[in-house]
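Single-structure report; data block below.
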2 protein chains.
Amino acid sequence: MIKFSVQKNDILDALTTTAKAASTKSVISALEGIHLSLTGNQLTVTGYDLELGIKSTIDVEGESDGVLVLNSRLICDIVRKMPSGVIRFDEYEPLKLNLMCEDITYSIMGINSEEYPVLPELSRGESFEISEPLLKSVIGQTLYAVATIDTKPVLMGSKFEIKNNELNVISVDGIRIAIRKESLLHEDFDFVVPAKTLSELLRLLSDDESKIATVSVDRNQGIFSIDKYTVFSRLLEGDFFDYTKIIGMPSNIEAVVNVRELMECVDRTLLLLNDKIKSPVDFTFSDNTLRVFCETAIGKLDQKIKCDYSGEEFRISFNSRYILDALKNTYCDKVKFLFVQNTALKIVPLEGDSFTFIVSPVRRR
Amino acid sequence: MIKFSVQKNDILDALTTTAKAASTKSVISALEGIHLSLTGNQLTVTGYDLELGIKSTIDVEGESDGVLVLNSRLICDIVRKMPSGVIRFDEYEPLKLNLMCEDITYSIMGINSEEYPVLPELSRGESFEISEPLLKSVIGQTLYAVATIDTKPVLMGSKFEIKNNELNVISVDGIRIAIRKESLLHEDFDFVVPAKTLSELLRLLSDDESKIATVSVDRNQGIFSIDKYTVFSRLLEGDFFDYTKIIGMPSNIEAVVNVRELMECVDRTLLLLNDKIKSPVDFTFSDNTLRVFCETAIGKLDQKIKCDYSGEEFRISFNSRYILDALKNTYCDKVKFLFVQNTALKIVPLEGDSFTFIVSPVRRR
């Protein structure tokens, strides 16, 4: 029976992080649990919902080795409400646990650990290292374009593609494409990580340049080692969208726009839209001016901002939210708008090719 | 047709505050609106849902007098999303309004102001002045005990009772009573203010001792003048609960408890409760010790804290949330617990009688 003492903040951190991977609602109650396993002074804490797993090993003062599964929400809440200091976990009878801190004793029931699933183990496979902030950036800038409906399940994740010593991270939802490129020395290979895993990775990844994450892949499993945490994830399988064709199409119209100004303009159109009332935002480029217009049953909005454009007057319409999502993820002051006739807008940085965000226009009747 | 120019922040403040009194959903669309009325350079902005009204008059640069009603949510959102600076309101055709700021023009429809209700006018009645922070405190400390179900509608508000140059503010929901007392020189009178009005007053009242609010009452209407705002409210009518009997009952058991410590103990019991699983928290007082215990299907919690108590062992049970609500509103480090046999707990300050919070115990089977 498991018995140990631990600093509140050490175990709270491990519990709340691994709890992100536990099921919130499952017919198998063990899947709603967090798995604790003590060997000596090493406590391994695991959350796993069969798709995503997060594991962490922390130092504790061990008293008696054992394993126990606890309801994740309850154990996180209990530890959070304990005073700062040492908490003693004491399984005094099989599956009966006392949690003690000062003059406070919670008594709760554990869940049989035999019902808990076994985490996949990687045999061998591809593996690469990448700095935490870089991994955070390539995931964070492309996650917005992942498909949210499962007409093609493989598109509900981002593709990591290593080719010619370059890492491309690509998300596609049918109307927009986000591509983020960085150099990475490794043999060619690729895999698709589900959006839920990517969201959890974003929470765990730091902005500290000196921290290195390791990414390992073995058939349909990915393992991300980030600081104290190991994230296990099922990978998505299937034919991903071939984005190279649309990326390669030449553009014939080009403008440079101020990102913040244009975001504010497009954001103002949202007041004229709701779940029932939809209308695209119209962009009209003329001599160094971009007119941003929207009209619905709620009202009309007409705005003009400056931009770098010198060509014939050119008008094109988009879904306001798609333009906002793309602009927000550029993290640039200014970007280039490249139009491939009337079939696509490519948003790229003024210099280099670190990202390409593609948005399909709305065809006007 | 109404035409004026105004600083964004001046009108945004007036709009968002008065919008609190506009209906969020009504069959009469004018009630979802904010009423604008311009005379010279004075713009009066009003929200009113027939129960609660908030009015403010601000300085603008008037161009053409007029009245217009605008959908409250839409106009607040539009003004909020405009750049800082001067916004021009221009009713260019009846009920058609342009809102202009820099190179941005929103065009929206107004609502016919003839459908807008007339605010009640006070003929004469009782009136008193009170400092804003004091009014905020007497409302804020008693609001928690207002009844939320309308079995007796008059209890869905707090009673303001002036008697013998004392103001008592009283809330009662059947299981608990909150009473807050302050001296106030005025003839005897009383009135009951609905909880919704009290919540809005709390938002408007400042902590500035130098600011004075005026409270006026005429039959079933109350008017609160607070800084730039005038709040109109229907008052509740009916026989209020007679709290004097229970207040007067002598207590036979007394303890002094630390508010923060006890709140933390009772708060921990909430983890063992949910919508389906309910159980009271048990207090057992013995030699300078208070044991706080709770047991449900989720688990068991046993805690001990110090308190000032010297009598026979005494056990009593309460609803955890009711104890937390009362303790939170004491704003004291320590309070006195006075028990009227097993029928009621009175929570009072160590000195004086500025508040009395009464909670009925849960009878154990």
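Residues that are in contact with a helix residue (DSSP H, G or I) (Cβ under 8 Å, 6 or more places away or on another chain), among the hydrophobic types (A, V, I, L, M, F, W, C) and more than 10 Å from every other protein chain (Cβ to nearest Cβ) were ranked within segment A:77-97; the one that is surrounded by the fewest Cβ atoms within 10 Å (Cβ to Cβ) is A:Val86.
Is it the case, given these coordinates, that A:Val340 is touching a Leu at 6+ places or on another chain (Cβ under 8 Å) and among the aliphatic types (A, V, I, L, M)? Against the criterion (touching a Leu at 6+ places or on another chain (Cβ under 8 Å) and among the aliphatic types (A, V, I, L, M)), A:Val340 does not qualify. Every listed requirement among (1) open to solvent by less than 10 Å² (accessible area, probe 1.4 Å); (2) touching a helix residue (DSSP H, G or I) at 6+ places or on another chain (Cβ under 9 Å) is met by B:Ala14 save one, (2). Answer with yes or no whether A:Ser206 is modelled with pLDDT under 95 and among the small types (Gly, Ala, Ser). Here the answer is no, as A:Ser206 does not meet what is asked. Only residues that are within 17 Å of A:Ala19 (Cα to Cα), open to solvent by less than 40 Å² (accessible area, probe 1.4 Å) and not hydrophobic (A, V, I, L, M, F, W, C) were counted across segment A:182-232, and they come to 4. Only one entry of A:Glu91, A:Glu114 meets the criterion of being of a type in the set (Asp, Glu) and in contact with a strand residue (DSSP E or B) (Cβ under 8 Å, 6 or more places away or on another chain), and that entry is A:Glu91. Annotation: A:Val27 fulfils all but one of (1) part of a loop (DSSP other than H, G, I, E, B); (2) within 25 Å of the chain's Cα centre (by Cα); (3) among the aliphatic types (A, V, I, L, M); the unmet one is (2).
Looking at B:Ile305, B:Ile298 in this structure, which one is touching a residue at least 40 places away in the same chain (Cβ under 8 Å), open to solvent by 10 Å² or more (accessible area, probe 1.4 Å), of a type in the set (A, V, I, L, M, F, W, C) and within 11 Å of another protein chain (Cβ to nearest Cβ)? None of the other options fit; the residue is B:Ile305.
I'd like the full set of residues that are in contact (Cβ under 8 Å) with a residue 12 or more places away in the chain and either open to solvent by 30 Å² or more (accessible area, probe 1.4 Å) or not assigned by TED's automatic domain parsing to the domain that holds A:Val45 (or both), limited to segment A:98-110. Across segment A:98-110, the qualifying residues are A:Met100, A:Glu102, A:Met109.
Restrict the check to segment A:303-312 and report whether at least one residue is in contact with an Asp or Glu (Cβ under 6 Å, 6 or more places away or on another chain), of a type in the set (D, E, K, R) and within 22 Å of A:Leu270 (Cβ to Cβ). Yes, segment A:303-312 contains a residue that is in contact with an Asp or Glu (Cβ under 6 Å, 6 or more places away or on another chain), of a type in the set (D, E, K, R) and within 22 Å of A:Leu270 (Cβ to Cβ).
Could you tell me which residue of segment B:233-251 is most open to solvent (accessible area, probe 1.4 Å), considering only residues that are out of contact with any Phe, Trp or Tyr (no Cβ under 7 Å at 6 or more places or on another chain) and farther than 19 Å from B:Ile177 by Cβ? Residue satisfying both the conditions and the ranking: B:Glu237. Of the strands (runs of 3 or more DSSP E) that lie entirely inside segment A:316-365, not one contains 2 or more residues that are farther than 20 Å from A:Pro250 by Cβ and outside the structural domain of A:Val256 (by TED's automatic domain parsing). Looking at segment A:43-66, is at least one residue crowded, with 18+ Cβ neighbours inside 10 Å, within 13 Å of chain B (Cβ to nearest Cβ), touching a residue at least 24 places away in the same chain (Cβ under 8 Å) and among the hydrophobic types (A, V, I, L, M, F, W, C)? There is no residue in segment A:43-66 that is crowded, with 18+ Cβ neighbours inside 10 Å, within 13 Å of chain B (Cβ to nearest Cβ), touching a residue at least 24 places away in the same chain (Cβ under 8 Å) and among the hydrophobic types (A, V, I, L, M, F, W, C).
The listed residues are A:Leu74, A:Leu155, A:Leu167, and the only one of them that is within 14 Å of chain B (Cβ to nearest Cβ) and open to solvent by less than 40 Å² (accessible area, probe 1.4 Å) turns out to be A:Leu74.
Quick one: would you say B:Asn329 is within 28 Å of A:Arg80 (Cα to Cα) and either out of contact with any His (no Cβ under 9 Å at 6 or more places or on another chain) or within 14 Å of another protein chain (Cβ to nearest Cβ) (or both)? Spelling it out, B:Asn329 is indeed within 28 Å of A:Arg80 (Cα to Cα) and either out of contact with any His (no Cβ under 9 Å at 6 or more places or on another chain) or within 14 Å of another protein chain (Cβ to nearest Cβ) (or both). Taken together, the residues in segment B:339-359 that are of a type in the set (Ser, Thr, Tyr) and either exposed (fewer than 12 other Cβ atoms within 10 Å of the Cβ) or modelled with pLDDT under 95 (or both) amount to 1.
The values are calculated or read from the model by the stated rules, or taken from the named source; none is laboratory data. All values reported here derive from a predicted model rather than from experimental measurement. Quick reminder, even Gly has a Cβ in these numbers, built from the backbone with ideal geometry, and neighbours come from all protein chains shown. Note: areas computed on protein heavy atoms with side chains; ligands, DNA, RNA excluded. Shrake-Rupley method; radii C 1.70, N 1.55, O 1.52, S 1.80 Å.
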